[in-house]
Amino acid sequence: MSVQRVGVVVHGGRPGAVAAADVVRRWCERHEVGCVAIDVWGEGEQRRDAREEVDAAGSPDLIVTLGGDGTFLRGARLAAQNDALVLGVDLGTLGFLTEVPADDVECALDTIHRGHVDVETRLMLTMRASCPLELPEGMETLLRYGRGPALPPPPVRPECAVARDWGVALNVTALNDIVLEKLARDRQVALGVYLAGRLLASYSADAVLVATPTGSTAYSFAAGGPVISPRAEAIIFTPVAPHMTFNRSVVAAPDEAVALRVLRHSGRAAVSVDGQLRGVLGPGDWIGVYAAPQRLRVVRLGPTDFYGRLRERMRLTDAPAAVDTDVTPMWPHTTPAPDDLAHLRLPPLPADVD
Ligand SMILES: NC(=O)c1ccc[n+]([C@@H]2O[C@H](COP(=O)([O-])OP(=O)(O)OC[C@H]3O[C@@H](n4cnc5c(N)ncnc54)[C@H](O)[C@@H]3O)[C@@H](O)[C@H]2O)c1
Ligand SMILES: Nc1ncnc2c1ncn2[C@@H]1O[C@H](COP(=O)(O)OP(=O)(O)OP(=O)(O)O)[C@@H](O)[C@H]1O
């Protein structure tokens, strides 16, 4: 695939990211490829929903993010809207989602332009709600204090309108997670949690969240949820500080929806999508979270080493009694794999590891 138009999402507060954006712009000029800077977070401006943002940018077919995981999530939201490829350049703190170091950005663009890339697809979430979402007056001001303006409420998909009891379909995609959390710090949320349409249990908690396998290493991980390979197809439900004995995550199949209903006596609940506040629910309101029909298409320049990255970036520590200096991979596969292993994804050669 040759690239027609690149959309650049840059962490404007980081000089290294701004300099790397310049490198991308010059590469585009040299290759006569359109290039547009997408300032998803222009200070003082009204933010746009993903459709408006992508249209204004002239429908790029490649989104390059220059920043950390937050910047990647902002770019992924736009790429998902246009079925564009997304390349994450690592200029952040943790860099769990990003793919290439800043020094390799030109080389990465050359490779993509020649069509020599692997495209990894990632499951994303979308949702329906009992009513369109909105932010109460005054919240916008609070949000600006933290991280700049809020996104507008998610647009309703009119093409998905049916009978009222199915609620409204919202034009949102989450690569990590959709979170329902208490709005007031002193009032838990009380929720009925339904899996595949059946009540699992009623929860009183600080928050509950629905995560993708990609998001299993983000908030869900912090709340004690399982780590799931991003290549797996699953939907994870994780409660955060539930005041009850059943506090486990439940891993559902990708065609099973997770519905969250705010109970009558509950405090109000904030809905966040990949860390962005998108609405507030009151008693009686509900959201249904399910796998989006489209997958995110992420550029991979080499074999992914998810577990190596997990060990390194999360700084996993070994049991003191089990520390061993031998880190030779199991099955280094310097010779072809035996027949009984031929169908497996085997560890990448050390030279190929990102
Ligand atoms: N207690 C928590 O850990 C907590 C609380 C709120 C939100 N979050 C997460 O933050 C995400 C938004 O990220 P942000 O960078 O915009 O906000 P942020 O700056 O608050 O980032 C939270 C941290 O999570 C990391 N992160 C993000 N996605 C990840 C992933 N898939 N795997 C591993 N680490 C990941 C980021 O690098 C950062 O260190 C949300 O989707 C949510 O999962 C985490
Ligand atoms: N384009 C931008 N311009 C100015 N400030 C920004 C921009 N993007 C993010 N910031 C600010 O930088 C801080 C970190 O943002 P964010 O966590 O989203 O970055 P990130 O890309 O995930 O990098 P990191 O890995 O360091 O967290 C936030 O306070 C945010 O407001």
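Details
- Test: residue in the range 2-22 that is within 16 Å of the chain's Cα centre (by Cα) and either outside the structural domain of Leu277 (by TED's automatic domain parsing) or in a helix (DSSP H, G or I) (or both): yes
- Restricting the range 212-231 to residues that are closer than 12 Å to Arg122 by Cβ and touching a Phe, Trp or Tyr at 6+ places or on another chain (Cβ under 7 Å), the residue that is farthest from ligand 1 (Cβ to nearest atom) is Ser229.
- Restricting Val168, Val86, Val119, Val162 to those that are more than 16 Å from ligand 2 (Cβ to nearest atom) and within 21 Å of the chain's Cα centre (by Cα) reduces the list to Val119.
- Qualifying residue in the range 130-137 (condition: farther than 27 Å from Ile236 by Cα and not in a strand (DSSP E or B)): yes
- Options Glu134, Glu99, Glu159, Glu53: the member that is surrounded by 15 or more Cβ atoms within 10 Å (Cβ to Cβ), away from ligand 1 (no atom under 16 Å from the Cβ), acidic (Asp, Glu) and more than 17 Å from Arg295 (Cα to Cα): Glu53
- Within the option set Ala211, Ala205, Ala129, being touching a His at 6+ places or on another chain (Cβ under 8 Å), of a type outside the set (Val, Ile, Thr), modelled with pLDDT of 95 or more and farther than 29 Å from Ala20 by Cβ holds for one residue only, Ala205.
- Whenever a residue of the range 1-15 is closer than 14 Å to Cys35 by Cα, its partners that are assigned to a loop (DSSP other than H, G, I, E, B) and within 11 Å of ligand 2 (Cβ to nearest atom), lying with C-beta atoms within less than 7 angstrom and at least six residues away or across chains, give the pairs Gly7/Ile38; Val8/Ile38; Val9/Ile38; Val9/Val40.
- Any hit, the range 304-323, residues being part of a strand (DSSP E or B) and β-branched (Val, Ile, Thr): no
- The range 102-122, residues that are hydroxyl-bearing (Ser, Thr, Tyr) and either touching a Ser or Thr at 6+ places or on another chain (Cβ under 6 Å) or within 16 Å of ligand 1 (Cβ to nearest atom) (or both): Thr121
- Subset of the range 238-289 that is hydrophobic (A, V, I, L, M, F, W, C), in a strand (DSSP E or B) and within 14 Å of ligand 1 (Cβ to nearest atom) - its residue that is nearest to Gly197 (Cα to Cα): Val289
The values are calculated or read from the model by the stated rules, or taken from the named source; none is laboratory data. Values in this document were obtained by computation on a predicted structure and should not be read as measured data. FYI the Cβ positions are ideal-geometry reconstructions off the backbone, even for glycines, and counts take in every protein chain you see.
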